[in-house]
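Scroll down for the structure; my scribbles are underneath it.
The values are calculated or read from the model by the stated rules, or taken from the named source; none is laboratory data. All of these numbers come straight from a predicted model, not from anything done at the bench. Here the Cβ positions follow ideal geometry from the backbone for every residue, glycine too, while neighbour counts run over all protein chains shown. Side chains are part of the model used for accessible areas, which takes the heavy atoms of the whole protein and leaves out ligands, DNA and RNA. Shrake-Rupley method; radii C 1.70, N 1.55, O 1.52, S 1.80 Å.
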Amino acid sequence: MANQKTDSILVIGAGVFGLSTALELTKRGYTNITVLDRHVPPVVDGSSVDISRIIRADYADPIYAQMALEAYKGWKRTYADFYHESGFIMLSETASNQYIEKSKKNIVEKGGHIDEFSNVSQMRALYPGIEADLPSAQGYHNPRGGWADAVGSIGRLATECSVAGVSFITGRRGTVHSLRRSSDRVVGVNLADGAYLLASQVILAIGAWSNRLVDLSHTASSSGQPVGFIQLTPAEAAKFANTPVLINMTTGVFSFPPTPGTNILKLARHGYGFATEVQSEATGRIISGPRRDSSNAASGYVPDDADAALRGGLKDLFPSLGDRPWLNRRLCWYTDTPNGDFIIDRHPTLNGLFVATGGSGHAFKFLPVLGKYVIDCFENCASSELRQKWRLKAPEKESAQGPVVMSGDGSRGGPPLRKLSVLEQSKL
């Protein structure tokens with residue numbers, strides 16, 4: 001059924017998927033859009049927030065490489081106040097990393113410039129502030145890349161939505177308990193306070209919380225990834241101010257330059273993460289995912305092995321800071337898919353439900369253009385290649401195949417996914 005511009009549309013989720021989608025809807029003339037979320041954006045425990053996110057066009061997949069170049073233009077223009085072009089270094093401690101090789105090829109073919117290196121001294125020739133202790137490091141540097149203030153840019157995006165006429169409902173009245181159905185059609189949402197809202201279309205854009213509302217376990221699961229923050233002195237921050245974003249593809253650990261104004265240094269790991277076991281209120285299934293009714297960023301807990309990995313990464317990349325205590329830590333929640341591809345599609349069996357999720361730890365950088373791609377799919381005008389790439393497949397019949405392996409796109413490092421113990425989960 002064709003979308004009408006006056007249709008009532010509920011967008012569940014105020015992260016990068018939800019907000020960019022809502023804004024693009026207004027640009028295309030839709031007039032009745034409401035965004036629902038547990039919290040006012042920037043959502044405190046969302047994967048689209050905190051002090052920084054990597055902005056890069058370095059992808060092994062040429063489609064995402066092209067999308068990232070489009071987004072880069074938006075970061076340089078519309079969101080220039082939040083973008084810092086520090087440069088980007090992708091390295092490996094082993095020879096012939098396929099993701100690095102394919103990314104390098106895509107950058108060069110699209111007219112970009114790279115600086116290859118085979119040891120740390122060549123990295124320091126580009127950035128004297130680098131003190132990494134990685135004897136076998138090799139990879140390349142892309143001067144076109146860096147990081148963005150995530151909280152600031154999401155705040156700007158939310159303001160743009162509000163100015164454009166998007167309505168927001170947050171708190172318990174914005175917390176969705178379940179999808180409201182009539183036969184095989186989603187007609188709205190049931191809220192945590194006992195009320196409900198009706199709509200012509202519902203767009204599910206809640207990332208790591210997706211499986212709480214609809215069963216996507218055959219194609220998506222959620223994992224927590226460790227993040228740590230260190231407070232530097234002004235002198236230390238000045239020492240590392242002109243260093244690039246660095247990612248070690250062997251360990252998955254990546255780092256940012258100190259944040260101007262606060263002098264906070266951030267490290268994280270882009271890996272396979274940690275799984276939990278929680279029960280979905282809506283479906284009754286046991287899933288992996290963050291809590292719904294409280295902030296998942298409040299406790300500051302990360303598992304001991306995650307802390308050790310971050311500490312090891314800190315000693316590798318910033319040896320002089322290796323024993324510095326953490327200012328804060330947390331788990332950042334990814335929505336993983338088997339190959340790291342987004343899920344942007346109408347639900348195959350639930351009419352009236354459109355799904356925009358599966359960020360897999362790399363969606364934020366597309367903020368300036370993501371909504372355009374989502375609504376192209378929503379309006380059935382995206383290319384067949386993209387529709388197939390981001391298709392939400394119907395679950396296959398129950399089989400003995402076991403859980404779907406979320407191996408990602410080849411960009412992750414570190415140990416395999418680990419399920420947290422009951423005791424560990426109690427500390428989250």
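Within the range 55-85, can you find the residues that are part of a loop (DSSP other than H, G, I, E, B) and of a type in the set (K, R)?
As a first pass, look at the range 55-85 and keep what is part of a loop (DSSP other than H, G, I, E, B): 56-61, 77-79, 85.
Within the range 55-85, R56, R77 meet the criteria.
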Subject >> Residue identified as hydroxyl-bearing (S, T, Y), over 21 Å from I286 (Cα atoms) and in contact with a His (Cβ under 8 Å, 6 or more places away or on another chain) among S384, S411 >> reply: S411
**OP:** Determine whether the range 407-417 contains at least one residue that is part of a loop (DSSP other than H, G, I, E, B), modelled with pLDDT of 95 or more, farther than 30 Å from F256 by Cα and open to solvent by 60 Å² or more (accessible area, probe 1.4 Å).
**Re:** no
Original post:
Quick check, is S178 part of a strand (DSSP E or B), touching a residue at least 40 places away in the same chain (Cβ under 8 Å) and within 30 Å of G322 (Cβ to Cβ)?
Top reply: no
Original post:
Which of (1) open to solvent by 10 Å² or more (accessible area, probe 1.4 Å); (2) touching a residue at least 40 places away in the same chain (Cβ under 8 Å); (3) part of a helix (DSSP H, G or I) does A235 not meet, given it meets every other one?
Top reply: (2)
**OP:** Scan (1) at pLDDT 95 or above; (2) loosely packed, with under 15 Cβ neighbours inside 10 Å for the single condition Y373 breaks and write down its number.
**Re:** (2)
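Residue by residue, here is whether (1) among the β-branched types (V, I, T); (2) surrounded by fewer than 20 Cβ atoms within 10 Å (Cβ to Cβ); (3) assigned to a strand (DSSP E or B) holds:
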residue	(1), (2), (3)
G284	no, yes, no
D293	no, yes, no
N296	no, no, no
V302	yes, no, no
D307	no, yes, no
L314	no, no, no
**OP:** Considering only the range 149-175, state which residues are over 22 Å from D293 (Cβ atoms) and either among the acidic types (D, E) or free of Cβ contacts under 8 Å to residues at least 40 places away in the same chain (or both).
**Re:** D149, T159, E160, S162, V163
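Out of G271, G340, G289, G322, I need the residue that is over 17 Å from the mean Cα position of the chain (by Cα) and not charged (D, E, K, R). Which one? Outline the logic, then answer.
Details: G271 fails: over 17 Å from the mean Cα position of the chain (by Cα); G340 fails: over 17 Å from the mean Cα position of the chain (by Cα); G289 fails: over 17 Å from the mean Cα position of the chain (by Cα).
Within the list G271, G340, G289, G322, the selection yields G322.
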Original post:
So which pairs qualify, if the first residue must be in the range 73-87 and over 10 Å from A148 (Cβ atoms), the second must be among the aromatic types (F, W, Y) and open to solvent by less than 80 Å² (accessible area, probe 1.4 Å), the Cβ gap must be under 7 Å, and the two must be at least 6 apart or on different chains?
Top reply: K76/Y83; S86/W147
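Of everything in the range 358-395, what is β-branched (V, I, T) and farther than 22 Å from W75 by Cα? Give them in sequence order.
Residues of the range 358-395 that are β-branched (V, I, T), as a first pass: 369, 374-375.
Matches in the range 358-395: none.
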Original post:
Could you say whether any residue in the range 159-173 is assigned to a strand (DSSP E or B) and more than 30 Å from G74 (Cα to Cα)?
Top reply: no
Original post:
Are there any pairs, at least 6 apart or on different chains, whose C-beta atoms fall under 9 Å, with the first in the range 1-12 and closer than 16 Å to R346 by Cα and in contact (Cβ under 8 Å) with a residue 24 or more places away in the chain and the second in a strand (DSSP E or B) and hydroxyl-bearing (S, T, Y), and if so, which?
Top reply: I9/T34; L10/T34; V11/T34
**OP:** Within the range 128-171, count every residue that is open to solvent by 30 Å² or more (accessible area, probe 1.4 Å), within 30 Å of E93 (Cα to Cα) and in contact with a strand residue (DSSP E or B) (Cβ under 9 Å, 6 or more places away or on another chain).
**Re:** 5
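Quick check, is G261 at pLDDT below 95, open to solvent by 10 Å² or more (accessible area, probe 1.4 Å) and at positive phi?
Working: at pLDDT below 95: no; open to solvent by 10 Å² or more (accessible area, probe 1.4 Å): yes; at positive phi: yes.
No.
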Subject >> Residue that is surrounded by the fewest Cβ atoms within 10 Å (Cβ to Cβ), among those in the range 198-223 that are closer than 14 Å to S178 by Cα and of a type in the set (S, T, N, Q) >> reply: N211
